[in-house]
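Q: I'd like to ask you about the structure that follows.
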Amino acid sequence: MPAPLLEIDGLHVKYGNVEALHGIGISVRQGEIVTILGANGAGKSTTLRAISGLLRPSRGEIRFEGRPTHAIPAHERVRLGIAQAPEGRRIFGTLTVTENLMLGAFTRTDKDRIAETQAWIYKLFPVLEQRRVQLAGTLSGGEQQMLAIGRALMASPRVLLLDEPSLGLAPLLVKSIFQVIREINRSTGVTVVLVEQNARAALKLAHRGYVMEVGRIVMEGSAEELMANPSIQNAYLGRRVAS
């Protein structure tokens with residue numbers, strides 16, 4: 001089995017004196033889609049923020065291609081190949097669609113390839129090309145989510161971190177967003193780590209998954225194994241399994 005592309009080992013993260021992650025371990029191989037499931041407050045978004053460098057661990061390691069990265073600044077992790085589309089989109093509302101996308105490429109100097117990446121993103125999300133000179137703050141919620149994903153892709157990442165991409169979106173738009181995520185993974189081999197409240201959609205998309213409860217990993221397995229697990233069905237998939 002190949003070595004993990006991204007590995008978390010014994011990771012602890014605190015907010016002040018309150019510990020949010022209690023020594024978690026996660027492993028992600030090249031080309032996988034791995035989802036992290038859990039209730040609100042379980043530590044899912046905290047995990048992504050620690051991977052991307054927005055939070056500094058109090059203990060433990062984050063390794064990318066075997067190299068410890070937990071002490072590397074966030075912008076340098078982008079250069080290494082780790083990019084995040086954050087929860088709530090966090091687009092720049094007073095800038096245009098194109099300006100938002102170009103901010104995603106701030107670590108790159110290969111102008112021709114940047115233009116190619118931008119053209120590819122417009123093919124993935126045609127509505128963004130139609131809105132390219134429009135202020136991002138005037139886009140719909142779904143269009144802003146497309147822009148947040150596109151901005152992360154402009155960094156040409158090896159690992160794409162997606163935090164609640166379906167949040168607040170209509171079911172048809174959720175389906176469309178998840179189809180694009182699958183296409184990104186299939187066509188480019190970009191590894192995806194997905195935090196998502198819609199457990200059913202996430203497990204249909206992912207290869208493997210982890211389940212978090214109160215800052216700890218309590219279960220892991222293939223997407224099929226987790227989908228078939230009675231406790232996962234009861235807790236996250238809305239099914240009642242007879243005892």
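Q: Could you please tell me which pairs satisfy a Cβ distance under 9 Å, a separation of 6+ or placement on different chains, a first residue in the stretch 165-178 that is under 11 Å from Ala202 (Cα atoms) and in contact (Cβ under 8 Å) with a residue 40 or more places away in the chain, and a second residue that is surrounded by 17 or more Cβ atoms within 10 Å (Cβ to Cβ) and small (Gly, Ala, Ser)?
A: That search, which allows pairs on different chains as well, returns Pro165/Ala85; Pro165/Ala148.
Q: Another question, then. Restricting to the stretch 101-116, name every residue that is exposed (fewer than 15 other Cβ atoms within 10 Å of the Cβ), outside any helix (DSSP H, G or I) and over 20 Å from the mean Cα position of the chain (by Cα). Full working, then the answer.
A: As a first pass, look at the stretch 101-116 and keep what is exposed (fewer than 15 other Cβ atoms within 10 Å of the Cβ): 103, 106, 109-113, 115-116.
Adding the requirement that they be outside any helix (DSSP H, G or I) leaves 106, 109-110.
The answer is Thr109, Asp110.
Q: Quick one: which residue in Ala152, Ala148 is touching a Leu at 6+ places or on another chain (Cβ under 8 Å), of a type in the set (Gly, Ala, Ser) and touching a residue at least 24 places away in the same chain (Cβ under 8 Å)?
A: Working: Ala148 fails: touching a Leu at 6+ places or on another chain (Cβ under 8 Å).
None of the others qualify; the one that does is Ala152.
Q: Looking for something surrounded by fewer than 16 Cβ atoms within 10 Å (Cβ to Cβ) and either assigned to a loop (DSSP other than H, G, I, E, B) or not polar (S, T, N, Q) (or both) - is there at least one such residue anywhere in the stretch 42-53? Please lay out each step first, then the result.
A: Of the residues in the stretch 42-53, the ones surrounded by fewer than 16 Cβ atoms within 10 Å (Cβ to Cβ) are none.
No, every residue in the stretch 42-53 fails to be surrounded by fewer than 16 Cβ atoms within 10 Å (Cβ to Cβ) and either assigned to a loop (DSSP other than H, G, I, E, B) or not polar (S, T, N, Q) (or both).
Residue by residue, here is whether (1) farther than 19 Å from Gly142 by Cα; (2) among the aliphatic types (A, V, I, L, M) holds:
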site: Leu48; (1), (2): yes, yes
site: Ser52; (1), (2): yes, no
site: Arg90; (1), (2): no, no
site: Ile114; (1), (2): yes, yes
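Q: Filter the stretch 20-50 down to residues that are modelled with pLDDT of 95 or more and more than 15 Å from the chain's Cα centre (by Cα), then give me how many there are.
A: Qualifying residue count, the stretch 20-50: 6.
Q: Then there is this: Name the residue, out of Gly221, Gly189, that is free of Cβ contacts under 8 Å to residues at least 40 places away in the same chain and at positive phi.
A: Numbers: Gly189 fails: free of Cβ contacts under 8 Å to residues at least 40 places away in the same chain.
Unique residue meeting the criteria: Gly221.
Q: Which ones in the stretch 58-75 are surrounded by 13 or more Cβ atoms within 10 Å (Cβ to Cβ) and over 23 Å from Glu19 (Cα atoms)?
A: Across the stretch 58-75, the qualifying residues are Phe64, Glu65.
Q: Six or more apart or on different chains, Cβ atoms under 6 Å: show the pairs whose first residue is in the stretch 16-40 and more than 22 Å from Lys204 (Cβ to Cβ) and whose second is of a type in the set (Val, Ile, Thr).
A: Going by the 6 Å Cβ cut-off, the qualifying pairs are Ala20/Val13; Ala20/Thr46; Leu21/Val13; Leu21/Thr46; Ile24/Ile217; Gly25/Ile8.
Q: Specify the residue that is farthest from the chain's Cα centre (by Cα); the eligible residues are those in the stretch 1-19 that are surrounded by 16 or more Cβ atoms within 10 Å (Cβ to Cβ) and outside any strand (DSSP E or B).
A: Pro4
Q: Oh, and also: What's the number of the only condition in (1) of a type outside the set (Asp, Glu); (2) part of a loop (DSSP other than H, G, I, E, B); (3) farther than 16 Å from Ile149 by Cα that Ser27 fails to meet?
A: Every listed condition holds for Ser27 apart from (2).
Q: Just to be sure I understand, how many residues within the stretch 133-189 are within 13 Å of the chain's Cα centre (by Cα) and of a type in the set (D, E, K, R)?
A: 5
Q: Please go through the stretch 220-243 and pick out each residue that is modelled with pLDDT under 90 and farther than 16 Å from Ala206 by Cβ. Lay out the reasoning, then the answer.
A: As a first pass, look at the stretch 220-243 and keep what is modelled with pLDDT under 90: 234-243.
Asn234, Ala235, Gly238, Arg239, Arg240, Val241, Ala242, Ser243, listed by residue number.
Q: Give Ala148, Ala152, Ala119 a once-over and let me know the one that is of a type outside the set (Ser, Thr, Tyr), in a helix (DSSP H, G or I) and in contact with a Lys or Arg (Cβ under 6 Å, 6 or more places away or on another chain). Spell out how you get there, then give the answer.
A: Numbers: Ala152 fails: in contact with a Lys or Arg (Cβ under 6 Å, 6 or more places away or on another chain); Ala119 fails: in contact with a Lys or Arg (Cβ under 6 Å, 6 or more places away or on another chain).
Ala148 is the lone residue from the list that is of a type outside the set (Ser, Thr, Tyr), in a helix (DSSP H, G or I) and in contact with a Lys or Arg (Cβ under 6 Å, 6 or more places away or on another chain).
Q: Another question, if that's okay. Please specify each residue of the stretch 54-97 satisfying the condition of being assigned to a strand (DSSP E or B), among the hydrophobic types (A, V, I, L, M, F, W, C) and touching a residue at least 60 places away in the same chain (Cβ under 8 Å). Outline the logic, then answer.
A: As a first pass, look at the stretch 54-97 and keep what is assigned to a strand (DSSP E or B): 59-64, 67-68, 82-85, 96.
Those left that are additionally among the hydrophobic types (A, V, I, L, M, F, W, C): 62, 64, 82-83, 85.
Residues satisfying the conditions are Phe64, Ile82, Ala83, Ala85.
The values are calculated or read from the model by the stated rules, or taken from the named source; none is laboratory data. Quick caveat, the model's predicted, so the values are computed rather than measured. Here Cβ is always computed from backbone atoms with ideal geometry, including for glycine, and neighbour counts include all displayed protein chains.
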